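Chemist: One structure, as structure tokens, below. Some questions next.
The values are calculated or read from the model by the stated rules, or taken from the named source; none is laboratory data. Since this is a predicted model, take the numbers as computed values, not measurements. Don't worry about glycine lacking a Cβ; one is built from the backbone with ideal geometry, like all the others, and counts go over all protein chains shown. Note: areas computed on protein heavy atoms with side chains; ligands, DNA, RNA excluded. Shrake-Rupley method; radii C 1.70, N 1.55, O 1.52, S 1.80 Å.
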Amino acid sequence: MMICAQAARMLSRCSIVTIAATLALATSAFATIPYGSAGGPFPGFGPDVIAPNDVGGKEYSHDLDTDDTGALDPQQVIAWDGVGGVVDVADYTGTRPNWTAENDVDALANSGDYAYTQLKEDRAHLIFSFDDTYHTITAAGGVVVSTLPSAGPIALPIGMAGGAGELSYEEATGYGAAASTIGTWAKQAEINGMPLPDDVDAVEVWGPEPPLWDADKYSLDNDIFSGTSIWNASGSTYLPQSVIASAVISLLGPDIDPDLIDLDALMVHDVFGERERWDDGPDGPGDEIIFSIRQIPSAAYPSGFYATGSELFVLNASAPTEFLKHGGHVWDKTYALTSFNIGGDNERAILDINAIEAVGEFAVPEPASMILLAIGAGAMVLVRRKYQATRDAI
């Protein structure tokens with residue numbers, strides 16, 4: 001009888017363990033909304049801003065990096081469909097022979113980012129996100145670390161923007177938009193419906209659909225530790241931190257420890273030589289990037305900042321560094337200080353951009369899809385003609 005009782009208790013415990021394990025698996029399995037599908041992989045350009053779910057191949061990383069269920073997972077990249085569905089794609093862990101530390105990803109790009117040229121021509125719309133931390137310079141000159149809400153709207157001097165867990169946009173002025181026309185492009189629930197992201201810190205769009213991905217350039221937190229600001233997905237260095245620091249110093253000035261300069265937003269236009277190498281152009285401009293860096297407060301500057309973190313730099317392999325011109329203005333320090341200040345009276349609280357991309361008005365299907373659409377349209381014409389011929393015969 002005692003043996004039977006013990007067996008019963010063991011069975012009961014096994015049942016409890018089984019139920020608990022089942023519930024744990026179920027919780028894990030349903031901790032996220034499954035990825036559906038997104039729009040076309042190529043941008044088409046016009047005055048309106050395309051909806052997120054119409055843009056194909058969207059990827060993001062979180063700060064701190066997580067997988068699609070929200071569990072911490074350094075260097076994991078997530079694909080999102082624009083209506084809340086997500087799935088894990090690239091994971092750069094273990095890809096770098098000379099730097100194995102698990103720093104978090106803080107910038108993503110493709111070697112040939114679509115809409116790069118149109119962005120510089122002010123014909124593509126700029127997509128960006130803010131860091132969830134920024135610095136406030138008080139009236140007394142003190143520095144306070146502040147936290148930005150994950151969800152917007154965030155009231156800025158130039159309009160309403162999204163929160164740290166969302167993506168905002170600035171319209172191109174090439175189609176008649178007023179300068180500095182901004183708004184929220186993708187809300188938290190559109191990027192990841194479960195769990196909601198609290199800080200989107202890198203974004204890449206216009207790639208293939210999962211399980212494929214195309215963020216073949218990325219940056220990690222604290223560039224100075226590895227000495228590399230931009231990595232190739234293969235694990236080699238694309239651009240060292242020293243090159244990025246020199247580019248920033250050429251525009252913002254030398255009164256800073258260059259080790260503090262940390263790239264945290266990126267677009268890439270690699271058009272010469274090998275795609276994993278930074279090349280000069282044969283007869284003019286060479287490979288190029290648009291980037292931003294982490295905010296750097298400094299009492300040595302009247303504004304309280306060496307860098308606001310919302311300057312957008314254009315670095316070319318064969319030309320001097322300059323600030324991006326987009327949205328009817330220059331993305332320099334002066335613009336950031338006036339446009340992204342959410343401080344109160346006699347305070348300066350400047351938001352820090354930590355992710356950038358570009359979109360248009362609509363998406364163009366891939367060639368195979370276009371052929372299928374053409375075949376479908378042709379079939380409809382034939383059916384219509386046959387129907388008309390039948391009616392005429394009657």
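Chemist: In nm, give the distance between the simple-model label positions of residue 319 and residue 243, each being 7 Å from the Cα along the Cα-to-Cβ direction.
Modeler: 1.7 nm
Chemist: Continuing with the same structure: Roughly how many nanometres apart are two label points built 7 Å out from the Cα toward the Cβ at residue 71 and residue 224?
Modeler: 3.5 nm
Chemist: With a 1.4 Å probe and all protein chains kept in place, how much accessible area does residue 275 have, in Å² rounded to the nearest 10?
Modeler: Accessible surface of residue 275 is approximately 120 Å².
Chemist: Which order do 325, 217, 333 take when ranked by solvent-accessible area (1.4 Å probe, heavy atoms of all protein chains), largest first?
Modeler: 325, 333, 217
Chemist: Would you work out what percent of the accessible area of the range 186-252, with all protein chains in place, is carbon or sulfur (probe 1.4 Å)?
Modeler: 62 percent
Chemist: If you don't mind, there's one more thing I want to ask. Would you list 249, 50 from the most to the least accessible area, probe 1.4 Å?
Modeler: 249, 50
Chemist: Okay, moving on. Given a 1.4 Å probe and the protein chains all in place, what does the accessible area of residue 330 round to, in Å² to the nearest 10?
Modeler: 50 Å²
Chemist: Within the range 84-115, list the residues whose amide N lies under 15 Å from a label point set 7 Å along Cα→Cβ of residue 234.
Modeler: Residues passing the 15 Å test: 95-98, 111-112.
Chemist: Once the piece of chain linking residue 194 and residue 178 is laid out straight, how much longer is it, given 0.36 nm per residue of separation minus the C-alpha distance between them?
Modeler: 2.2 nm
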